[in-house]
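What follows is a short report on a single structure.
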Amino acid sequence: DTEVTQTPKHLVMGMTNKKSLKCEQHMGHRAMYWYKQKAKKPPELMFVYSYEKLSINESVPSRFSPECPNSSLLNLHLHALQPEDSALYLCASSHGWTGSEKLFFGSGTQLSVL
Amino acid sequence: QQPVQSPQAVILREGEDAVINCSSSKALYSVHWYRQKHGEAPIFLMILLKGGEQKGHDKISASFNEKKQQSSLYLTASQLSYSGTYFCGTESEFRGAQKLVFGQGTRLTINP
(Lines give C-alpha, C1' and ligand atoms only; values in the text may rest on other atoms or scores of the structure.)
Protein backbone atom coordinates (compact mmCIF):
# COMPACT_ATOMS: atom_id res chain seq x y z
CA ASP A 1 0.00 0.00 0.00
CA THR A 2 1.69 3.19 -1.20
CA GLU A 3 -1.21 5.56 -0.73
CA VAL A 4 -2.10 8.40 1.56
CA THR A 5 -5.86 8.41 2.04
CA GLN A 6 -7.75 11.54 2.98
CA THR A 7 -11.38 11.84 4.01
CA PRO A 8 -13.69 13.46 3.24
CA LYS A 9 -12.87 14.53 -0.32
CA HIS A 10 -15.19 17.51 -0.09
CA LEU A 11 -16.48 19.40 2.95
CA VAL A 12 -18.79 22.36 3.27
CA MET A 13 -19.10 23.93 6.72
CA GLY A 14 -20.48 27.01 8.36
CA MET A 15 -18.37 29.36 10.43
CA THR A 16 -19.78 27.98 13.69
CA ASN A 17 -19.32 24.31 12.84
CA LYS A 18 -16.74 21.88 14.17
CA LYS A 19 -15.40 19.33 11.72
CA SER A 20 -12.35 17.10 11.30
CA LEU A 21 -10.22 16.09 8.35
CA LYS A 22 -8.62 12.65 8.42
CA CYS A 23 -5.47 11.28 6.84
CA GLU A 24 -4.17 7.71 6.91
CA GLN A 25 -1.08 5.94 5.60
CA HIS A 26 0.12 2.37 6.04
CA MET A 27 3.62 2.71 4.61
CA GLY A 28 5.31 2.86 8.00
CA HIS A 29 6.20 6.50 7.46
CA ARG A 30 7.30 8.39 10.57
CA ALA A 31 6.65 11.95 9.41
CA MET A 32 3.28 13.40 8.44
CA TYR A 33 2.35 16.82 7.18
CA TRP A 34 -0.60 19.15 6.62
CA TYR A 35 -0.44 21.58 3.72
CA LYS A 36 -2.98 24.20 2.62
CA GLN A 37 -3.35 25.01 -1.07
CA LYS A 38 -5.37 27.87 -2.52
CA ALA A 39 -6.44 27.75 -6.16
CA LYS A 40 -3.53 28.29 -8.58
CA LYS A 41 -1.10 28.66 -5.67
CA PRO A 42 1.58 26.34 -4.28
CA PRO A 43 1.00 24.17 -1.21
CA GLU A 44 1.84 25.99 2.04
CA LEU A 45 3.11 24.04 5.03
CA MET A 46 0.92 24.15 8.15
CA PHE A 47 2.16 21.39 10.48
CA VAL A 48 4.77 18.64 10.62
CA TYR A 49 4.63 15.60 12.90
CA SER A 50 7.74 13.48 13.44
CA TYR A 51 7.31 10.24 15.36
CA GLU A 52 3.82 11.37 16.38
CA LYS A 53 5.10 14.58 17.95
CA LEU A 54 4.43 18.04 16.58
CA SER A 55 7.74 19.30 15.15
CA ILE A 56 6.67 22.35 13.16
CA ASN A 57 3.71 24.69 13.50
CA GLU A 58 3.90 27.44 10.90
CA SER A 59 2.10 29.98 13.08
CA VAL A 60 -1.24 28.51 12.09
CA PRO A 61 -4.33 30.08 13.78
CA SER A 62 -5.69 28.09 16.72
CA ARG A 63 -8.93 27.41 14.86
CA PHE A 64 -6.88 24.66 13.18
CA SER A 65 -5.88 21.94 15.65
CA PRO A 66 -3.78 18.99 14.49
CA GLU A 67 -3.70 15.61 16.18
CA CYS A 68 -1.61 12.50 15.55
CA PRO A 69 -3.26 9.62 17.47
CA ASN A 70 -0.79 7.03 16.14
CA SER A 71 1.88 6.61 13.50
CA SER A 72 -0.67 5.90 10.75
CA LEU A 73 -3.24 8.60 11.42
CA LEU A 74 -3.27 12.37 11.24
CA ASN A 75 -6.29 14.53 11.96
CA LEU A 76 -6.97 18.23 11.49
CA HIS A 77 -9.73 19.56 13.72
CA LEU A 78 -11.52 22.65 12.45
CA HIS A 79 -13.51 25.11 14.54
CA ALA A 80 -14.87 28.60 13.90
CA LEU A 81 -13.28 28.86 10.47
CA GLN A 82 -13.47 31.90 8.25
CA PRO A 83 -14.45 32.01 4.56
CA GLU A 84 -10.81 32.75 3.66
CA ASP A 85 -9.91 29.32 5.06
CA SER A 86 -11.60 27.73 2.07
CA ALA A 87 -8.89 25.76 0.26
CA LEU A 88 -7.60 22.32 -0.62
CA TYR A 89 -6.05 20.69 2.45
CA LEU A 90 -3.36 18.19 1.57
CA CYS A 91 -1.90 15.58 3.83
CA ALA A 92 1.52 14.09 3.09
CA SER A 93 3.86 11.56 4.63
CA SER A 94 7.52 10.65 4.33
CA HIS A 95 9.63 7.76 5.51
CA GLY A 96 11.81 10.00 7.69
CA TRP A 97 12.03 13.66 8.54
CA THR A 98 15.30 14.87 7.02
CA GLY A 99 15.52 17.22 4.07
CA SER A 100 16.00 14.39 1.61
CA GLU A 101 12.66 12.69 2.05
CA LYS A 102 10.20 12.10 -0.77
CA LEU A 103 6.72 13.30 0.10
CA PHE A 104 3.70 11.13 -0.65
CA PHE A 105 0.63 13.35 -0.95
CA GLY A 106 -3.01 12.45 -0.52
CA SER A 107 -5.60 13.77 -2.98
CA GLY A 108 -6.77 16.33 -0.47
CA THR A 109 -9.97 17.60 1.09
CA GLN A 110 -11.60 20.50 -0.74
CA LEU A 111 -12.99 22.68 2.04
CA SER A 112 -15.57 25.40 1.58
CA VAL A 113 -16.44 27.66 4.51
CA LEU A 114 -19.73 29.53 4.18
CA GLN B 1 11.87 32.26 1.79
CA GLN B 2 9.94 31.24 -1.32
CA PRO B 3 12.04 30.17 -4.34
CA VAL B 4 11.39 31.88 -7.67
CA GLN B 5 10.27 29.72 -10.57
CA SER B 6 10.42 30.66 -14.23
CA PRO B 7 8.67 30.69 -16.57
CA GLN B 8 5.21 30.92 -15.00
CA ALA B 9 3.63 29.11 -17.94
CA VAL B 10 4.75 27.19 -21.01
CA ILE B 11 2.79 25.89 -23.99
CA LEU B 12 4.43 23.24 -26.13
CA ARG B 13 3.61 20.87 -28.93
CA GLU B 14 4.10 17.20 -28.24
CA GLY B 15 7.73 16.26 -28.79
CA GLU B 16 9.19 19.66 -27.90
CA ASP B 17 11.52 20.32 -24.99
CA ALA B 18 11.07 22.53 -21.92
CA VAL B 19 13.24 23.89 -19.14
CA ILE B 20 11.87 25.11 -15.81
CA ASN B 21 14.10 27.05 -13.44
CA CYS B 22 14.01 27.43 -9.67
CA SER B 23 16.19 30.05 -7.96
CA SER B 24 16.98 31.09 -4.44
CA SER B 25 18.96 34.01 -3.04
CA LYS B 26 20.57 31.65 -0.49
CA ALA B 27 22.32 28.30 -0.75
CA LEU B 28 19.83 25.49 -0.39
CA TYR B 29 19.90 22.30 1.67
CA SER B 30 17.75 20.45 -0.85
CA VAL B 31 15.59 20.93 -3.92
CA HIS B 32 12.54 18.79 -4.65
CA TRP B 33 10.49 18.70 -7.85
CA TYR B 34 6.78 17.76 -7.97
CA ARG B 35 4.12 17.72 -10.67
CA GLN B 36 0.46 18.33 -9.94
CA LYS B 37 -2.39 17.77 -12.37
CA HIS B 38 -5.65 19.63 -11.88
CA GLY B 39 -7.65 18.15 -9.02
CA GLU B 40 -4.96 15.63 -8.14
CA ALA B 41 -2.23 15.19 -5.55
CA PRO B 42 1.28 16.48 -6.24
CA ILE B 43 3.50 13.65 -7.47
CA PHE B 44 7.19 13.40 -6.57
CA LEU B 45 9.69 13.64 -9.43
CA MET B 46 13.12 13.92 -7.81
CA ILE B 47 15.32 15.37 -5.05
CA LEU B 48 18.72 17.00 -5.44
CA LEU B 49 21.07 17.52 -2.53
CA LYS B 50 24.57 18.09 -3.85
CA GLY B 51 26.01 21.04 -5.74
CA GLY B 52 26.68 20.05 -9.33
CA GLU B 53 24.33 17.08 -9.09
CA GLN B 54 22.31 15.91 -12.07
CA LYS B 55 19.56 13.33 -11.95
CA GLY B 56 17.11 11.93 -14.40
CA HIS B 57 14.78 9.14 -15.34
CA ASP B 58 13.09 8.52 -18.65
CA LYS B 59 12.98 11.93 -20.36
CA ILE B 60 12.78 14.09 -17.24
CA SER B 61 15.98 15.23 -15.58
CA ALA B 62 17.16 17.95 -13.23
CA SER B 63 20.34 19.72 -12.19
CA PHE B 64 21.52 21.59 -9.11
CA ASN B 65 24.22 24.21 -9.68
CA GLU B 66 27.53 24.27 -7.84
CA LYS B 67 26.48 27.09 -5.52
CA LYS B 68 23.25 25.24 -4.68
CA GLN B 69 21.15 28.31 -5.42
CA GLN B 70 19.53 27.23 -8.67
CA SER B 71 17.94 24.08 -10.01
CA SER B 72 16.56 23.36 -13.44
CA LEU B 73 14.10 20.70 -14.57
CA TYR B 74 14.46 19.43 -18.13
CA LEU B 75 11.62 17.78 -20.03
CA THR B 76 12.71 16.35 -23.37
CA ALA B 77 10.51 15.10 -26.21
CA SER B 78 7.47 16.08 -24.15
CA GLN B 79 4.44 13.82 -24.00
CA LEU B 80 0.81 14.75 -23.41
CA SER B 81 1.07 13.17 -19.96
CA TYR B 82 3.65 15.79 -18.94
CA SER B 83 0.97 18.47 -18.75
CA GLY B 84 0.41 19.91 -15.29
CA THR B 85 1.85 22.39 -12.86
CA TYR B 86 5.44 21.84 -11.78
CA PHE B 87 6.58 22.98 -8.35
CA CYS B 88 10.05 23.13 -6.93
CA GLY B 89 10.25 22.79 -3.16
CA THR B 90 13.30 23.99 -1.28
CA GLU B 91 14.86 23.98 2.16
CA SER B 92 17.52 26.55 3.06
CA GLU B 93 18.61 24.61 6.13
CA PHE B 94 17.61 21.51 8.00
CA ARG B 95 15.86 22.35 11.27
CA GLY B 96 15.07 18.95 12.69
CA ALA B 97 12.10 18.32 10.44
CA GLN B 98 11.49 18.65 6.74
CA LYS B 99 10.09 22.07 5.93
CA LEU B 100 9.66 22.52 2.19
CA VAL B 101 8.77 25.91 0.74
CA PHE B 102 7.30 25.63 -2.74
CA GLY B 103 7.81 28.01 -5.63
CA GLN B 104 4.75 29.57 -7.25
CA GLY B 105 4.62 26.86 -9.91
CA THR B 106 5.05 26.56 -13.67
CA ARG B 107 1.99 25.56 -15.67
CA LEU B 108 2.97 23.30 -18.57
CA THR B 109 0.50 22.64 -21.39
CA ILE B 110 1.34 20.06 -24.04
CA ASN B 111 -0.75 20.16 -27.20
CA PRO B 112 -0.96 17.35 -29.79
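The values are calculated or read from the model by the stated rules, or taken from the named source; none is laboratory data. Keep in mind that this is a model prediction, so the values were computed, not measured. So basically every Cβ, Gly included, is an ideal-geometry build from the backbone, and we count neighbours across all protein chains shown. These accessible areas exclude ligands, DNA and RNA; they are computed on the full protein's heavy atoms, side chains included. Shrake-Rupley method; radii C 1.70, N 1.55, O 1.52, S 1.80 Å.
Points worth noting:
- Partner shielding of B:31-43 amounts to 4, given as the average count of beta-carbon atoms from other chains within 10 Å of each residue beta-carbon.
- Computed from the Cβ-Cβ distance with R0 of 35 Å, the FRET efficiency linking B:H57 to A:H77 stands at 0.35.
- Looking at region B:4-111, the accessible area is 47 square angstrom per residue; that uses a 1.4 Å probe and ignores ligands, DNA and RNA.
- Distant-in-sequence amide H partners of A:G96 (H built 1.01 Å from N, under 5 Å): A:R30
- In region A:89-104, the residues whose accessible area drops by at least 20 square angstrom when the other protein chains are added to the isolated chain are A:W97, A:T98, A:G99, A:S100, A:E101, A:K102, A:L103; the probe is 1.4 Å and only protein heavy atoms count.
- Shown is the FRET efficiency for A:N57 and B:I43, computed with R0 = 25 Å from the Cβ-Cβ distance and rounded to the nearest 0.05: 0.40.
- Top of B:S72, B:S25, B:S61 by mean-square fluctuation, Gaussian network on chain B, Cα under 10 Å: B:S25
- Relative contact order for chain A, counting Cα pairs under 8 Å that sit 6 or more residues apart, in percent: 37
- The residues of chain A have, on average, 48 Å² of accessible surface per residue, using a 1.4 Å probe with all protein chains present.
- The interface between chain B and chain A buries about 1800 Å² of solvent-accessible area in total (1.4 Å probe, ligands and nucleic acids excluded).
- Efficiency of FRET between A:S100 and A:T16 - r from beta-carbon atoms, R0 45 angstrom, step 0.05: 0.55
- Debye log10 I(q)/I(0) at q = 0.13, 0.17, 0.18 Å⁻¹ for the protein assembly as shown, Cα point scatterers: -0.76, -1.22, -1.32
- Complex-versus-alone comparison for region B:77-101, residues with a loss of 30 Å² or more in accessible area, probe 1.4 Å: B:F87, B:F94, B:A97, B:Q98, B:K99, B:L100
- Heavy-atom accessible surface of chain A: percent carbon and sulfur, 1.4 Å: 50
- Exceedance of the 32 Å cut-off in Cα-Cα distance is limited, within the set A:K22/B:K55; A:K18/B:K26; A:K41/B:K68; B:K67/B:K99; A:K40/A:K102, to A:K22/B:K55; A:K18/B:K26.
- Rounded to the nearest 10 Å², the accessible area of A:V12 at probe 1.4 Å: 90
- Inter-site label distance for A:M27 and A:Q110 at 7 Å from Cα along Cβ, in nm: 2.4
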